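A.B. asks: Take this structure, written in structure tokens, and hold onto it; I'll ask about it next.
Just so it is clear, none of the values below were taken in a lab; they were calculated from the coordinates. Keep in mind that this is a model prediction, so the values were computed, not measured. Positions of Cβ are generated from backbone atoms using ideal geometry, with glycine treated the same way; all protein chains shown enter the neighbour counts.
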Amino acid sequence: MIKKRFQVKGMHCVGCTMAVEGAIERLPGVRSAAANYAREYADVEYDEQKVNEAQIAEMVALAGYELVLPEQA
């Protein structure tokens, strides 16, 4: 398991935070997700053997937000 912090764009309320966390936590291999809309980030703990950053970003995009991958920053 590793834990990483990702920038997430588009969150503006607690509901957004819950949507982002829920989307990420639905992925197999994700242990936890904690988002902060005011600071625009999400801390994600996941098994890198079961899920990758691109898959996490895709789930966040499906929820209507943008997770910034390190190479995009």
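A.B. asks: Of the residues in segment 55-73, how many are over 18 Å from Gly10 (Cβ atoms) and either without any contact (Cβ under 8 Å) to a residue 12 or more places away in the chain or exposed (fewer than 12 other Cβ atoms within 10 Å of the Cβ) (or both)?
C.D. replies: 2
A.B. asks: Looking at segment 1-67, what strands (runs of 3 or more DSSP E) fall wholly within it and have at least 1 residues that are aromatic (Phe, Trp, Tyr)?
C.D. replies: It comes to 2-9, 41-46.
A.B. asks: Does any residue in segment 35-46 that is on the phi < 0 side of the Ramachandran plot come within less than 8 Å, Cβ to Cβ, of a residue that is hydrophobic (A, V, I, L, M, F, W, C) and assigned to a loop (DSSP other than H, G, I, E, B) six or more places away or on a different chain, and which pairs are these?
C.D. replies: Within 8 Å, the pairs are Ala35/Met11; Tyr37/Met11; Tyr37/Cys13; Glu45/Met1; Tyr46/Met1; Tyr46/Leu27.
A.B. asks: I've got another one for you. Among (1) of a type outside the set (S, T, N, Q); (2) touching a Phe, Trp or Tyr at 6+ places or on another chain (Cβ under 9 Å); (3) surrounded by 13 or more Cβ atoms within 10 Å (Cβ to Cβ), where does Cys13 come up short?
C.D. replies: (3)
A.B. asks: Among Glu53, Glu40, Glu48, which is the only one that is more than 13 Å from Val68 (Cβ to Cβ) and acidic (Asp, Glu)?
C.D. replies: Glu48
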